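Enquirer: Handing you a structure now.
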């Protein structure tokens, strides 16, 4: 993991320790064909604090649609501009244009958008690393969070 990057939650583990909650063509349509998942789903009860993974500038705070309440901030890593995207939030504490600092409390996790119909045991933070704001459809303009974190907390939680 890059020294300037930290994790978004106090405890970070992929929801249900399941590959289909990671990045890539890891989901299946009803007919069995693969479909994309654009980020990682971190297991998170509603109301857990969510933190900025690094220093950056908030470029999006919006509600509605599948992602529900969401935010994104722009940051630079090794000369490349990325956008950290947090979705299904309950509350956001920053506004568009605000500067955020690494480990700053920026939101509380929730179950907004298409996550509101899930069982409590499936509550999560949907997290993406984007290369454009807004991104294209599917996996376009997104990269695996492995790019910034260096490892995936699939089977064991990583403290934030």
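Enquirer: Can you tell me which of 127, 149 is surrounded by 19 or more Cβ atoms within 10 Å (Cβ to Cβ) and out of contact with any strand residue (DSSP E or B) (no Cβ under 6 Å at 6 or more places or on another chain)?
Expert: Of the residues listed, the single one that is surrounded by 19 or more Cβ atoms within 10 Å (Cβ to Cβ) and out of contact with any strand residue (DSSP E or B) (no Cβ under 6 Å at 6 or more places or on another chain) is 149.
Enquirer: Can I ask one more? If we keep just the residues of the range 1-56 that are in contact with a helix residue (DSSP H, G or I) (Cβ under 6 Å, 6 or more places away or on another chain) and at pLDDT below 95, which is farthest from residue 123 (Cα to Cα)?
Expert: Looking at the filtered set, the residue picked out is 1.
Enquirer: Same structure again: Step by step: first the residues of the range 25-57, then only those that are under 14 Å from the mean Cα position of the chain (by Cα) and assigned to a strand (DSSP E or B), then the one that is farthest from residue 99 (Cα to Cα). Which residue is that?
Expert: 37
Enquirer: I'd like to know if the range 77-86 contains one or more residues that are at pLDDT 95 or above, part of a loop (DSSP other than H, G, I, E, B), buried (at least 22 other Cβ atoms within 10 Å of the Cβ) and out of contact with any helix residue (DSSP H, G or I) (no Cβ under 7 Å at 6 or more places or on another chain).
Expert: no
Enquirer: Within the range 87-97, can you find the residues that are in contact (Cβ under 8 Å) with a residue 40 or more places away in the chain and assigned to a loop (DSSP other than H, G, I, E, B)?
Expert: 97
The values are calculated or read from the model by the stated rules, or taken from the named source; none is laboratory data. Just so we're clear, the structure is a prediction, and the values are computed from it rather than from any experiment. Cβ atoms come from the backbone with ideal geometry, glycine included; neighbour counts cover every protein chain shown.
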